[in-house]
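The values are calculated or read from the model by the stated rules, or taken from the named source; none is laboratory data. Just so we're clear, the structure is a prediction, and the values are computed from it rather than from any experiment. Here the Cβ positions follow ideal geometry from the backbone for every residue, glycine too, while neighbour counts run over all protein chains shown. Ligands, DNA and RNA are stripped out before the accessible areas are found, and what is left, the full protein with its side chains, is counted by its heavy atoms. Shrake-Rupley method; radii C 1.70, N 1.55, O 1.52, S 1.80 Å.
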Amino acid sequence: MTSELCLSIDLGSGGPKIGLVTLEGEIIANEVHSVTTHFTEDGGATQDANEWWRIIVEATKRLLATVENSSTNVRAIAVTGMYASTVPVDANGNPTGPCVTWLDVRGGRYTREAIGGWFQGYNPRKILPFVRKTGGAPSTAGADPIGQILSIMRDMPEVAAATCWYMEPIDFLTMRFTGVATATHASRLVMWMTDNRKLDNYSYDAQLLALVGLDEKFLPPLQAFGSVVGTLSDAVASELGLAKDVVVVSAIPDLHAAAIGAGATANYETHLALSTTSWISCPVPKKKTDINHNIAAVPGLSNDSYVVIDNQETGAKSLEWLRNVMAGSGERMSFDEMTALAATSPPGSHGVRFTPWLAGERSPIDNKNIRAGFTNLSITTASADLVRSVLEGVAANSAWLFGYIEKFAGRALTPIRLLGGGAQSSLWCQIYADTLDREVRQIDQPLLAQLRGAALLASVALGRHSLSEVPAPSATTFHPSPDGGPSMRERVEDIKSLYERDKTWSRRHVKAR
């Protein structure tokens, strides 16, 4: 091994992926790990940030020992992963409490106290400055850093007293590598505390901080997207066996890493992530907001660009959920076995419908109470129909959002680059092509797209490439089929009708969490 390498970290909601990736985007070796999310009856959803770090350190040591000469060829470290979560840390970057994840809604009451009101749950006078400056606003459900920080400060006084910084998970990991507390407009995008009309203004907005009662001293300093934070700390360099001059690049959300890793870096080049959650995104030239459908253009891949942000709370997680349910206390099928089983059911799943709102929904409708379900089951319904209906239901939900994304972009978007764990299934890719009625490109190694994207950004930071020149991955193309297309597009209308049917029941009977 003689190529320059990046140690890439992708901290997903389900756990970290760690990889050695060349600065040309070739993944040499990687490990994928899972972690546990701890749920509580009052709406809590936390993870152990120290567990992430232990896994990353141990995996890195194994990878470096496996790939010959890799220790001397690592030139950079780059971190990407989940956002809208909060790790409280002390001045040295050590966690003072658990990571409060994006699924945690305990802080909702404090956000509502600060900016809640009659207009779609908000006080219009207080929400307008957020939308005008940032493109969005803190969630009244509390499922973002404002609700999380307010909850820690008011309900966890011992944690708050020991805390110096409230950090996104990716910024926390960057600090563990360097000892430097930092953030960017992008890494803090769903905190909604920066004036995103001026991406070269590296400060938090005093008016917005005052509206929620937060002191800027608890927020890490901002710097440019894709810039170098520093080099490895002496302690980490020694522990990993890496040189002290290895640079660490500012952390980026998985949204941005996915765009780079999929080769979708130019305006309107579109990718769709089929991961634990799901989203549809593309770079766009200006800041814009669709407040009715939770779509916004937020700080993008450079200091003069934006990317579309939206989120569907349950993507490929739906298949994992069904896998566990079908296994009961017995052995679980592999995902390949499940999709092979689904292929034995025809398009339309013999009429079975599945709505994938296992954790509520955010885009194109914001409803933390709505829940998933199967519809139109019969005595002849087979397990193959259930599995296929899950694949089709997730795709139909994406297509519902996709209509609003195209309106937001002001044009038809094609092709769609598909990535994430779910995109490993050729059947699911074809279902997406049929449902979206668009050409779909299944990128190579879709599960590891963000590892590739983070490494390519490090390559840009080191001057090896410009952003417009980063290598795009190879891909397999799927076209809408005459057999599956009409049936799948009918599913899109079905899912809208099922939402209208179920939303009242869910509001009465489901406790949001």
| request: Go through the residues of the range 12-34 one by one and say whether even a single one is open to solvent by 40 Å² or more (accessible area, probe 1.4 Å), in a strand (DSSP E or B) and closer than 20 Å to Ile252 by Cα. | output: yes
| message | Of all residues being open to solvent by less than 20 Å² (accessible area, probe 1.4 Å) and in a loop (DSSP other than H, G, I, E, B) in the range 68-91, which is nearest to Ala251 (Cα to Cα)? Just the residue, please. | response | Met82
| In the range 196-223, what count of residues is obtained for those that are in contact with a Ser or Thr (Cβ under 7 Å, 6 or more places away or on another chain), part of a loop (DSSP other than H, G, I, E, B) and open to solvent by 10 Å² or more (accessible area, probe 1.4 Å)? | 4
| field | Test: residue in the range 99-122 that is open to solvent by 10 Å² or more (accessible area, probe 1.4 Å), assigned to a loop (DSSP other than H, G, I, E, B) and closer than 30 Å to Gly453 by Cα | value | yes
| field | Qualifying position, being touching a strand residue (DSSP E or B) at 6+ places or on another chain (Cβ under 8 Å) and over 28 Å from Pro16 (Cβ atoms), among Leu199, Leu208 | value | Leu199
| request: State which residue pairs qualify: first residue over 15 Å from Ile170 (Cα atoms) and inside the range 48-60, second residue open to solvent by less than 60 Å² (accessible area, probe 1.4 Å) and among the acidic types (Asp, Glu) in any location, beta carbons under 7 Å apart, and separation of 6 or more residues or different chains. | output: Ala59/Glu31
| Taking the range 340-379 only, how many residues are among the acidic types (Asp, Glu) and over 15 Å from Lys496 (Cβ atoms)? | 1
| Does Thr140 satisfy being open to solvent by 10 Å² or more (accessible area, probe 1.4 Å), farther than 30 Å from Thr231 by Cβ, touching a residue at least 12 places away in the same chain (Cβ under 8 Å) and of a type outside the set (Asp, Glu)? | yes
| note | With the first residue restricted to the range 201-228 and required to be at pLDDT 95 or above, and the second required to be charged (D, E, K, R), Cβ contacts under 7 Å at 6 or more apart or on different chains are Tyr204/Glu216; Asp205/Lys133; Asp205/Asp195; Leu208/Lys133; Leu209/Glu216; Leu211/Lys126; Pro220/Asp171
| query | Just one of Phe172, Phe177 is part of a helix (DSSP H, G or I) and closer than 21 Å to Ser203 by Cα; which is it? | reply | Phe172
| field | Residue list for the range 422-461, restricted to those being part of a helix (DSSP H, G or I), open to solvent by 20 Å² or more (accessible area, probe 1.4 Å), polar (S, T, N, Q) and closer than 30 Å to Thr174 by Cβ | value | Gln424
| request: Return the only residue of Ser187, Ser250, Ser238 being open to solvent by 10 Å² or more (accessible area, probe 1.4 Å) and among the polar types (S, T, N, Q). | output: Ser238
| remark: Expected single match for of a type in the set (A, V, I, L, M), in contact with a Leu (Cβ under 8 Å, 6 or more places away or on another chain) and closer than 30 Å to Gly420 by Cβ among Ala183, Ala266 is Ala183
| field | Residue that is least open to solvent (accessible area, probe 1.4 Å) [pool: residues in the range 396-421 that are out of contact with any Ser or Thr (no Cβ under 9 Å at 6 or more places or on another chain) and among the aliphatic types (A, V, I, L, M)] | value | Leu418
| task | Scan the range 476-493 for residues that are surrounded by 18 or more Cβ atoms within 10 Å (Cβ to Cβ) and touching a strand residue (DSSP E or B) at 6+ places or on another chain (Cβ under 9 Å) and jot them down. | result | Phe478, Pro480, Arg491
| Can Ala264 be described as crowded, with 22+ Cβ neighbours inside 10 Å, assigned to a loop (DSSP other than H, G, I, E, B) and in contact with a Cys (Cβ under 9 Å, 6 or more places away or on another chain)? | yes
| task | Give, as residue ranges, the strands (runs of 3 or more DSSP E) completely inside the range 338-421 that count at least 2 residues that are farther than 24 Å from Pro486 by Cβ. | result | 416-419
